[in-house]
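Everything on this sheet refers to the single structure shown next.
The values are calculated or read from the model by the stated rules, or taken from the named source; none is laboratory data. Given the structure is predicted, the values throughout are model-derived calculations rather than measurements. Counting neighbours? That spans all protein chains shown, and the Cβs are built from the backbone with ideal geometry, glycine included. Please note that ligands, DNA and RNA were not included when accessible areas were found on the heavy atoms of the full protein model with its side chains. Shrake-Rupley method; radii C 1.70, N 1.55, O 1.52, S 1.80 Å.
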Amino acid sequence: MAVVLTIAASSIIPLRSEAQCAMCTLNAENSTKEGNTQGKGLNDGILFLLAMPFIIGAGIGILWYKKYRVKPQRKFL
């Protein structure tokens with residue numbers, strides 16, 4: 001069953017896709033010409049959007065680790 005689902009899912013996914021729409025590509029190309037710094041802001045925004053899921057995941061991981069870790073019990077002689 002899993003093999004059939006994998007084959008069906010892979011046949012639906014397009015083999016080639018574009019990274020940006022035409023408007024975003026044109027904006028990015030024009031914003032880096034002649035020393036403009038608008039392209040830097042666009043890149044910073046993309047990095048911010050990329051980093052947020054990792055920061056949220058790390059926060060959840062830290063909370064999970066602190067809540068469920070087993071503290072070693074000390075034996076007194």
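Tell me whether the range 35-77 comes out rounded, prolate or oblate; compute the Cα gyration tensor, take square roots of the eigenvalues as a ≥ b ≥ c, and use a/c under 1.5 as the rounded threshold.
Here the range 35-77 falls in the prolate category.
Ignoring any ligand, DNA or RNA, what whole percent of the accessible area of the chain comes from carbon and sulfur when the probe is 1.4 angstrom?
Roughly 68 percent of what the probe reaches on the chain is carbon or sulfur.
Return one number: the angle in degrees, 0 to 90 and rounded to the nearest 10, between the long axis of the Cα atoms of helix 2-12 and the longest principal axis of the Cα atoms of the chain.
Computed tilt is about 20 degrees.
Using only Cα atoms, find the angle between the long axis of helix 22-31 and the longest principal axis of the chain, and express it within 0 to 90 degrees, rounded to the nearest 10.
Orientation of helix 22-31: about 80 degrees from the principal axis.
Could you state the accessible area per residue of the chain in Å², with a 1.4 Å probe and every protein chain left in place?
Each residue of the chain exposes 102 Å² on average to a 1.4 Å probe.
Under a crude label model (7 Å from the Cα following the beta-carbon direction), how far is A51 from I12 in nanometres?
Distance between the two pseudo-spin positions: 3.5 nm.
Once the principal axes of the Cα atoms of the chain are found, what is the range along each, listed largest first in whole angstroms?
75, 46, 14
On a 0 to 90° scale, report how tilted helix 38-68 is relative to the longest principal axis of the chain, with both axes built from alpha carbons and the result rounded to the nearest 10.
Result, in degrees: 10.
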